[in-house]
Amino acid sequence: MVGIIDYNMGNLASVYNACHLLDEKATFVKDPNELKNFDRIILPGVGAFGDAMQNLNETGMKEAIYEFAKSGKPMIGICLGMQLLFESSEEFGNNEGLGLIDGKVVKFDKSKMHEDTKVPHMGWNVIKTSNEHTLFEGLTNPYLYFVHSYHAVTDPKNVIGTTEYGYDFVSAVHKQNVYGFQPHPEKSHDNGLKILKNFMNIK
């Protein structure tokens with residue numbers, strides 16, 4: 001059973017529909033006490049980092065996520081959900097994150113980009129994979145759908161995928177049982193469904 005965390009910040013319907021297409025039983029989770037009952041969880045997210053963390057704190061979901069991460073069961077953050085996995089974000093000031101993966105979230109550096117390059121980064125782009133990671137099984141440098149103005153900076157040992165937009169940035173991460181994707185697999189057709197299926201197959 002897959003738990004999709006509902007904290008009023010997620011693109012829940014498309015994540016749920018993607019799970020349904022994969023014949024996976026998925027349920028929205030609003031009660032933090034129920035999180036531990038799931039085999040794996042998805043932390044979606046659309047919106048501002050600070051608002052998201054405030055919602056996780058106020059609902060008690062932040063502590064429930066910590067406990068789930070300690071259990072060793074797989075969890076994945078998508079888009080804003082991936083950014084929340086890190087220690088902090090500079091979006092609208094300095095905001096503390098979940099800290100499940102070391103690193104921070106920063107705004108795209110326009111000084112490193114061509115003047116015509118627009119932020120937010122929006123549309124289809126490639127994730128370059130340096131090795132055959134479990135989540136990319138059956139895929140080679142897949143195209144996925146992105147919408148974001150900020151990206152993560154972290155230790156290279158946590159990085160399983162990068163993407164070029166003006167410069168290379170971190171677009172997929174993995175640390176122990178915690179995974180993160182900056183793009184939206186649930187909106188990325190067959191490539192995205194394959195990534196989600198690979199996540200569902202993790203023991």
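The values are calculated or read from the model by the stated rules, or taken from the named source; none is laboratory data. Just so it is clear, the structure is predicted and the values come from calculations on it, not from any experiment. A quick note on method: Cβ atoms are made from the backbone with ideal geometry, for glycine too, and the neighbour counts reach across all protein chains shown. In case anyone asks, the SASA skips ligands and DNA or RNA and just uses the protein heavy atoms, side chains included. Shrake-Rupley method; radii C 1.70, N 1.55, O 1.52, S 1.80 Å.
Of the conditions (1) touching a strand residue (DSSP E or B) at 6+ places or on another chain (Cβ under 9 Å); (2) at negative phi, residue 79 fails just one. Which one is it?
(2)
State whether the residues of the stretch 48-70 include one that is under 22 Å from residue 161 (Cβ atoms) and among the aromatic types (Phe, Trp, Tyr).
Scanning the stretch 48-70, I find at least one residue that is under 22 Å from residue 161 (Cβ atoms) and among the aromatic types (Phe, Trp, Tyr), so the answer is yes.
Restricting the search to the stretch 118-134, which residues are touching a strand residue (DSSP E or B) at 6+ places or on another chain (Cβ under 8 Å), surrounded by fewer than 15 Cβ atoms within 10 Å (Cβ to Cβ) and at pLDDT below 95?
130, 131
Does residue 176 satisfy being at pLDDT 95 or above and surrounded by fewer than 14 Cβ atoms within 10 Å (Cβ to Cβ)?
Yes: the conditions hold for residue 176.
Counting just the residues of the stretch 1-39 that are part of a helix (DSSP H, G or I) and more than 16 Å from residue 196 (Cα to Cα), which one comes out most open to solvent (accessible area, probe 1.4 Å)?
In this case the residue turns out to be 36.
Going by what's in this entry, would residue 47 be described as open to solvent by less than 60 Å² (accessible area, probe 1.4 Å), out of contact with any Phe, Trp or Tyr (no Cβ under 6 Å at 6 or more places or on another chain) and part of a loop (DSSP other than H, G, I, E, B)?
Yes: the conditions hold for residue 47.
Can you pull out the strands (runs of 3 or more DSSP E) entirely within the stretch 67-139 that have at least 2 residues that are among the hydrophobic types (A, V, I, L, M, F, W, C), under 28 Å from residue 55 (Cβ atoms) and touching a helix residue (DSSP H, G or I) at 6+ places or on another chain (Cβ under 9 Å)?
75-78, 101-107
Go through (1) modelled with pLDDT under 95; (2) open to solvent by less than 40 Å² (accessible area, probe 1.4 Å); (3) of a type in the set (Phe, Trp, Tyr) one by one and return the number of the condition residue 108 breaks.
(1)
Every residue in the stretch 118-134 that is within 17 Å of the chain's Cα centre (by Cα) and basic (Lys, Arg), please.
Passing the criteria: only 128.
Between 137, 115, which is exposed (fewer than 13 other Cβ atoms within 10 Å of the Cβ) and either more than 21 Å from residue 177 (Cβ to Cβ) or within 16 Å of the chain's Cα centre (by Cα) (or both)?
115
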